[in-house]
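One structure is given here, and the rest of the page talks about it.
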Amino acid sequence: MNAESNKMKMDLVKAVESWAISQPDLVALYFEERAITYKDLNIKANRMANGLQGLGVERGDRVAIMLPNIPEFVYSFVGILKLGAVAVPFNTLYKGGEIRHILRDSGAKVLIALTNFAPMINEIRSELPALEQVILTGERNLIFAHPESTAFIQLIVPIDLISDVDAAYEKMGHILLDIVKEFGVENAWYKHRGSVRVGGDKIATFVISEVETVRVINVVLFLAAMDTRDFLRVVWVPPEIRDKVVEPLTSVEQEAGKRPSWKEVKTTVTDALKREFEIEIKEGAMVRDELFGYEKLCSLAGKVR
């Protein structure tokens, strides 16, 4: 690293830290209509730096970043620079051989990547002697839903009911895990944020988001086998990345031998949410625009079969 690039590195870190002190509420990043301040950015970058340091990363070590344009990329990049380590970002569209070449050539000690890249990384990890740690974060997958094979439930609650989003994810994950087990899938597990799995296959998924003054919890439970190829005829995804955006799926019927009815799912899920979040749930209905959009999607899917 030459003197000029080293100066740029120091300037970036100093700039973030300076703005975090002088104007902490100034917006540093916008992501999906969410504003992230310099204070938040600096806190997250410090956490990343401390975490990497705890894993043994030192000045001059290479840390690879395989993330798309999400806030975690920025937190990671700045955190790496804070340690004096070297960031090695690369394209998330790369395949196994390309990833192996970059990681081996750079001598990366740590790799930060999306959770859904884990299977691909595991396939080549034995060929990367320098790679000591893999840090997984987030998921950027397409979530498919179909009235014949999935149950989709949306819960809208006041924002003050869920002040700690991380804790809410943990609670919601275990609620969904208990529900899946109640339907007979005993070997299900929850560890990755936002998804319940059987082995490496996803059987249920959820996301908690903020919209103005409310929190929205969207839950998708896979009840029966679903062929995602029908959806890929409607939602275009470049062939070279389909294996990255479409995760292996399983379902309650495939794992337990029986598909629960929508009424069973609805009752079980709402009762669990009422009990765990200590709230009353009132049933809602699709508004006109939502219903039109849903019917339009079904119509498109019907035309391409």
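A few comments on the model shown:
- Shape call, segment 3-137: gyration tensor on alpha carbons, a/c limit 1.5: prolate
- Proxy reagent accessibility, fewest Cβ within 10 Å first, across Leu83, Leu41: Leu83, Leu41
- Taking other C-beta atoms within 10 angstrom as a stand-in for reagent exposure, Trp19, Trp189, Trp262 fall in the order Trp262, Trp189, Trp19, fewest first.
- Cα-based shape type of segment 36-91, given that a ≥ b ≥ c are square roots of the gyration tensor eigenvalues and the cut on a/c is 1.5: oblate
- Proxy reagent accessibility, fewest Cβ within 10 Å first, across Ile179, Ile217, Ile80: Ile217, Ile179, Ile80
- Per DSSP, loop GluC sites (Glu not before Pro) in segment 11-88 with at most 12 further Cβ within 10 Å: Glu32, Glu33, Glu58
- Between the amide H of Val196 and those of Ile203, Ala204, Thr205, distances stay under 5 Å, these residues lying 5 or more places away or on another chain, with hydrogens modeled in the peptide plane.
Read the figures in this text as sums done on the coordinates, not as results from a lab. Just so you know, these numbers come straight off a predicted model, no measurement behind them. Quick reminder, even Gly has a Cβ in these numbers, built from the backbone with ideal geometry, and neighbours come from all protein chains shown.
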